[in-house]
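Data block below; observations after.
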Amino acid sequence: MKSYEDQRIFLTCDLEPMQDFQTDQHKNLPQPPLEKPISNPDNLITLPAVEDLVNPEKDLFDIINQRKSRRNYTGDSIDLDQLSFLLWCTQGVKKEFDRGANKITFRTVPSAGARHAFETYLAVHNIEGLDQGMYRYCALEHELEFLHKVDELPSRTVDACLGQEFVRKSAVVFFWSAVPYRCEWRYGFMAAKLILLDAGHVCQNLYLSGEALSLGVCGIAAYHQQKSNELARIDGNDEMIVYIASVGRIS
């Protein structure tokens, strides 16, 4: 078994050694796509437009001061307007730039080199107007793609979260996957550290946007890797779940 000191090398890797390292971007290899392709256009669901999103008009100090992990959910539904707000706050695209052979997006969260290596999968338990099942957020289009139904989905999400029962009464569970090559293309071996840093930005925006809507949010790092990947039907090699968070109504 490796020592703690061996594991800490991951935390201290930096950009200096990369001066002599040729990344795929330096080799002029094609940039990976900004997001996964839509598998079935007939399964797209239009979300409330960004310009029509509700402005909670809560004081930022109060939102930050009140932010905490909330696990006691009522089991009641949340509406599509609220879900649209949460999705835009966590991965919403503000601008898309075409820089010759490369494209970048400016989003509502920071990301190293604007690589934005994440995909957002949703285990929808109780959202008004949506059938229970697995969905993916198409950030460039600000739309939802229905992926597939899952028998006994709340039980499957609890199982993926290592038996944490509070997840069962959540309205929706966010599963963030990483597509590592989006970041590796530019940063090589540094990508793993940068991706996990960026995941923290995304989840904190979910906490704050949830608090603004008086919804409860709980970030979840204790999860079963394979079962989480299987819910999203991703391979666990070129794409894998790296963070989870539950959202639900609170008393």
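The values are calculated or read from the model by the stated rules, or taken from the named source; none is laboratory data. Here the structure is a predicted model, which means the values were calculated and not measured. All Cβ positions, glycine included, derive from the backbone under ideal geometry; neighbour counts span all protein chains shown.
Observations on the model:
- Annotation note: Cβ proximity below 8 Å between a residue of the stretch 199-219 that is among the polar types (S, T, N, Q) and a residue that is assigned to a helix (DSSP H, G or I) (sequence gap 6+ or interchain) occurs for N205/C89; N205/T90; S209/F85; S209/L86; S209/C89; S209/T90.
- Candidates L194, L208, L213, L153, filtered to the one that is aliphatic (A, V, I, L, M), out of contact with any Asp or Glu (no Cβ under 9 Å at 6 or more places or on another chain) and over 28 Å from P110 (Cβ atoms): L153
- Looking only at the stretch 38-86, and only at residues there that are of a type in the set (S, T, Y) and under 22 Å from the mean Cα position of the chain (by Cα), the one that is farthest from Q132 (Cα to Cα): S69
Listed here are the residues, each with its yes/no results for (1) at pLDDT below 95; (2) buried (at least 22 other Cβ atoms within 10 Å of the Cβ); (3) more than 15 Å from the chain's Cα centre (by Cα); (4) in a loop (DSSP other than H, G, I, E, B).
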| site | (1), (2), (3), (4) |
| --- | --- |
| W88 | no, yes, no, no |
| F97 | yes, no, yes, no |
| K103 | yes, no, yes, no |
| E119 | no, yes, no, no |
| L122 | no, yes, no, no |
| D131 | no, no, yes, yes |
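- Selection status of Q25, surrounded by 10 or more Cβ atoms within 10 Å (Cβ to Cβ), touching a residue at least 40 places away in the same chain (Cβ under 8 Å), of a type in the set (S, T, N, Q) and part of a helix (DSSP H, G or I): no
- The test for being of a type in the set (A, V, I, L, M, F, W, C) and modelled with pLDDT of 95 or more holds for M240.
- Any chance L196 is aliphatic (A, V, I, L, M), surrounded by fewer than 17 Cβ atoms within 10 Å (Cβ to Cβ), in contact (Cβ under 8 Å) with a residue 12 or more places away in the chain and part of a helix (DSSP H, G or I): yes
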